[in-house]
Each structure stands twice: as structure tokens, then as C-alpha cells.
Amino acid sequence: MLKKSISFLILIFLSSQMFCATMNSRVRQVPKNIQEQVFITPKETLPQLVNFLVGTSGDTSSRVKILHDWICDNISYDCNAFTNEGAGKQDYESVLKKEKAVCVGYCNLMAAMCYYAKIEVDIISGWPKGFNYPGYLYKESDHAWNIVKIGGKWKQIDVTWDAGYVDKRSFIKRYTLQWFNLSPSQFIYSHLPEEEKWQLLPEKLIRTPEQFVKEPYIPGIFFEYGLSFGKNAHEYTNEISEATGFDIVCSKPNVMMMASIYGRDAPSDMDSASWFENAGSTRRFIFDVPDKKIYSTQFGARFSGTTTNPKFFNKSDFEQNILAKLPSLVSSKKITPKEAELFEKSYCLIEENNRYYYAEDLFDNPRNLANNKILKLLDRNTHNYETVLNFDIKAASDYDGFGKNVLRFPQAYQNYQNASTISLISPLKGSLKRGSEEHFSIKTNAYSSFVIVTAEEKYEFIPKNSKTGAFELDFKIPEDAEKLELYSSKDGKQFATIISYQLEQQN
């Protein structure tokens, strides 16, 4: 049986943090009088709040985390910082009264809470990569984060970034621990302190400003998925003279990865300019560029079998294709009126961005369950890939690129991506000529059989080479071939598309 399967090259990435992080439930158990009063009389009430939060927490790390969690749950980033009005005073009392802050305000509040919890703390000034990073360092540092002493060792944390993210000048609340759990060697990819000593690294690993600028920006979520770089170097902007592979090693099981490359003006011919190989724990992503322009890569990851819902929808899509269908789901008794109500209240429209964002509440299980249920019923993608890495690629001085309107790599399908180990050795190009002879070679331990399909009921098996371990065949493409696709099978009976090529006439 031959059948198609869904192409995995159509990817959906989320820039917001989705990695499962657990917030301490005690942040929602603060007595009402303390929770309300701390925003009115912060100086008098903050010690009471801190005493309640850390009262039952034994080790310093747990105490630091619950203070971090309360701030993430209660303080929003002040996007007035991007306007003429500005963010105003950032002392901890002003922050609590406004319930808003920029990075310095988050740090001041964290420092004040640590003081009352008898935790040694300081504030670090430096340069960040991430939102609005221009690719170079400003003359003066433009970010701040905290450093706390846990178990006799200093630890860097960024409460500002763990509280959420800014999208088009709007703050989106999205709790994460990715800037809480990093080691110094991981933290340095996104934060460069003004003083070298606060890098907390061995002398041989200390980064200069020039090295920091040259290295790629790596968000904390990259490390939470158990990812690291392979042998080849990755830089903020990589120059290539041919199709070039970048290796990423994964230490955690069941992690699925994807990558794409796109131009600043999003040209359509970039759809076929990336390729993927899986060697088990090592994933190789191969990229090429068509010309001398700078292109950006985007890497995504997710855990197999987990639900990762979109964090926003475009306004017209949400209103016309989601909200409009809720009444029919209720009338058909697929959902209850209460579930529909919870779903509608789960999303907030930000007109400036023309998007409905999911209003996160980690403790509202009925609402979260209703959201998952309805999105699945509406067949919306609930297996999104989270962006874990970006870097730029451009052609080196001795390379002009592979050319415009050229399919650089073939199209791959789900069975290729799902293979535990797989590598297409040849032909590693998107277009083949009818009448030409090609050497087909693919190496994998995930499938027992491969066939080349050129038309309905016209196919030829690719034998396995006992010496190389690869499936290999020298094959002349028929002049009348309607298509050229590779099908794979685990049992030799049921086959599904794994790779397809575009066919062209001989010159």
C-alpha cells in the first residue's frame, strides 16, 4: 500500500515561552489583606508578604524561586518605556504601586524581597541579547538582572524575562523558568555583565565584548530541551561557501526538532533551502543561500506527544474561524456552554497587534482544559514547535549562492522527520532532470524498504548495500516520468512518501 503523509516542512514556531514550568502555588495563597495592601502601602506590607511566602520554604533555592514566582505573577513589564512618557520611578515601592516595571524595577523589587528573606542579593548591569538587540553593544549597558547567593555560590537570574515577553510594544504575560535555571556557561550567551567577575566563569572562558557579539543568542529554553552545539561553530552571523551543516546535540529523549531559513523580505524560494539529518542524539541542519543577502535561521523544538497550543491568533482568523464556530460546538453538545464561556475569556485582543493572545493563568485548570479541548475539536495545530535558536547566514566573499528560483533541496515528509536515524546522502538537490542518471543513497535504521515511484504503479525497489549499510541504486529517470518520489516502509508491505523531487526536462 502506497500513501502520502503530511509534509513536515510546513512549520509553526512560537516565539513565546511554552516550556512547561511550574509556579509555586503559594503565590496565590497569600492572605487577601496582605495581597491587596502590598500594592497600596508597600513599605509597611512587603515584609509581611515575604514572611508568608518564604515561611515554610527550607532551602535558599526554594525561597528565591517563590519570590521570583510572585513577582512574575504580579508585575507586568511597563511598555511606557517605549514612549515619550517613559516608565518613571523604578524603586520597589513605585513598582508595587504601579504593578509595572522595567528591568531595573524588577531587580529592585527582587532585591528588596530577598533582603527581607535574609538572602544575599545584588543587581548586575550589562548588555543583553534578545528583544530589540541590534547586533552590537551600545556604549552604555542597557539591561539589569539579579544575582543571588545560594549554597555559598552566586547564581544569576532574570526575573524580567521570566515574567513574559514584549511583542510589538505590548507585554504578554508568559511565566517561565528559563532565566532561573541557567548555569554561568549558559547565561553568558544572552547576558554580558559590565564587570567580568560577574560572568562567574573560569578565566579561560571569560567573554570579551567582541566575543559576546560574535556568538549566537541562545535563549534559556534551548538548554531546557537538553540541547547543545556539536563540533562545528555557530556564530551570530555565519558565512558559508556552500551548503553547510550545523549540528545540535540533544541529551533528552523524545525531543523533536525542525528548522527553516528565511530572508528579511521573506522570499518564497527559501522553502527548499534547508535540510535535516538525524543521527540519534545529533541533529544536523543543512542550509544554503541563493545570493549575497543576509538570511535568518529559526530552530524549533517540542516534546513528542505533548500539547503545545498557539499563544495567539490573528484577529480575523480567531473571530471568523474559531469564535464563530463555538455556537455549533455547543448545539452539537461537543462542548458545554460553560466551556465555551471559559474559552472566550481565555483570549485577550490587543488591537495594536491585531492579535488575540492567550491570557495565561497556570492555576485555572478548567479554563486550560477547555482551551485544549476546543482547539483540538476545531483541528487547530496543538503540536507547535517552540523557537529555541536563531542565527543569521550569509554567503562568503567567494560564494554567490545557489541562484534564484532554484529548489536547493528536495521536499521531505513526516516519515523522514520521524525516523530515529536518517540521512539522505544523494541526490541532495531539489530538482532532477528526466532522462538523467542519479545515484540514490539513503542511510537509516528506521526503515527496511525503499522504492522510487515515477508514476502510478511504476516503482523500483532500492536495495541495501551490505558494505555501506545504505540503501543505494543507480537509477535512470524515465523521460516520461510523471513524478519522482521515495517511499519508505518498516514492514515491506505498507509504504508512505518520505521524499519528493521536482522533475525538469533535459536542456
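Between Asp59 and Thr208, the contour length at 0.36 nm per residue exceeds the alpha carbon distance by 50.2 nm. Charged side chains reduced to their Cβ positions (Lys and Arg at +1, Asp and Glu at -1) give segment 355-400 a dipole of some 400 debye around its Cα centre. Counting heavy atoms of the protein chains alone, Lys32 has an accessible area of about 150 Å² for a 1.4 Å probe.
Remark: relative contact order (segment 85-196) = 23 percent; criterion is Cα-Cα distance under 8 angstrom and separation of 6 or more residues. Rolling a 1.4 Å probe across all protein chains gives Tyr501 an accessible area of roughly 20 Å². A simple spin-label model places pseudo-atoms 7 Å from Cα toward Cβ; at Thr421 and Tyr115 they are separated by 5.8 nm. Note on segment 202-241: with neighbouring protein chains present and a 1.4 Å probe, carbon and sulfur make up 54 percent of its accessible heavy-atom surface. Using the Cβ-Cβ distance between Asn507 and Asp474 with R0 set to 22 Å, the FRET efficiency works out to roughly 0.55.
Roughly to the nearest percent, how much of the accessible area of segment 317-379 is carbon and sulfur, given a 1.4 Å probe?
51
Using Cβ point charges alone (K and R +1, D and E -1), the dipole size of segment 81-187 about the Cα centre works out to roughly 200 debye. Heavy-atom accessible surface of segment 69-155, averaged per residue, reaches 47 Å², computed with a 1.4 Å probe.
Between the residues Ile499, Pro290, Gln29, the greatest Cα displacement towards the positive end of the dipole of the chain, with unit charges on the Cβ of Lys, Arg, Asp and Glu, is found for Gln29. Computed extension gain for Lys338 through Thr307, at 0.36 nm per residue and net of the alpha carbon distance, reaches 8.9 nm. Sorting Phe82, Phe52 by accessible area puts them as Phe82, Phe52; the probe is 1.4 Å, largest comes first, and only protein heavy atoms count. For Lys155, Lys493, the ranking by accessible surface with the largest value first comes to Lys493, Lys155, using a 1.4 Å probe. The length gained by stretching the chain between Tyr133 and Glu235 to full extension, at 0.36 nm per residue less their Cα-Cα distance, is 35.2 nm. Label positions at Asp364 and Glu457, each projected 7 Å from the Cα along the C-beta direction, are separated by 5.9 nm. If the label point is 7 Å along Cα→Cβ of Lys43, which residues in segment 94-117 have backbone nitrogen under 13 Å from it? Within reach of a label on Lys43, which here means backbone N under 13 Å from a point 7 Å along Cα→Cβ, segment 94-117 contributes 94.
Taking Cβ atoms as reference points and 15 Å as the exclusive limit, the residues near Ser62 contribute a net charge of +4, counting Lys and Arg as +1 and Asp and Glu as -1.
Using the Cβ-Cβ distance between Ser316 and Lys490 with R0 set to 51 Å, the FRET efficiency works out to roughly 0.75.
With each label modelled as a point 7 angstrom along the Cα→C-beta vector, the Ser431-Lys153 pair spans 5.6 nm.
Relative to the Cα centre, the charge distribution of the chain, modelled as +1 at Lys and Arg Cβ and -1 at Asp and Glu Cβ, gives a dipole magnitude of about 1340 debye. A Förster distance of 25 Å, applied to the separation of the beta-carbon atoms of Glu242 and Ala446, puts the FRET efficiency at 0.35. With contacts taken as Cα pairs under 8 Å at a separation of at least 6 residues, the chain carries a relative contact order of 14 percent.
The residues Thr421, Thr308, sorted by heavy-atom accessible surface at 1.4 Å with ligands and nucleic acids left out, run Thr421, Thr308 from largest to smallest.
So for segment 396-460, averaging the separation of alpha carbon pairs under 8 Å that are six or more residues apart and normalising by length, what relative contact order in percent results?
Computed value for segment 396-460: 28 percent relative contact order.
Each of Ile477, Tyr413, Phe246 was scored by the projection of its Cα onto the charge dipole of the chain, and the greatest displacement toward the positive side belongs to Tyr413; charges sit on the C-beta of Lys, Arg, Asp and Glu. Given the -39500 (n - 2.57) contribution per DSSP H run of 4+ residues, what per-residue ellipticity at 222 nm results for the chain, rounded to the nearest 500 deg cm²/dmol? It comes out at -6000 deg cm²/dmol, rounded to the nearest 500. By a 1.4 Å probe calculation restricted to protein chains, Thr382 has an accessible surface near 10 Å², given to the nearest 10.
The values are calculated or read from the model by the stated rules, or taken from the named source; none is laboratory data. This structure is a prediction, so every number in the text was calculated from the model and none was measured. Virtual Cβ from ideal backbone geometry, glycine too; neighbours counted across all protein chains shown. These area figures cover heavy atoms from the full protein model, side chains too; ligands, DNA and RNA do not enter into them. Shrake-Rupley method; radii C 1.70, N 1.55, O 1.52, S 1.80 Å.
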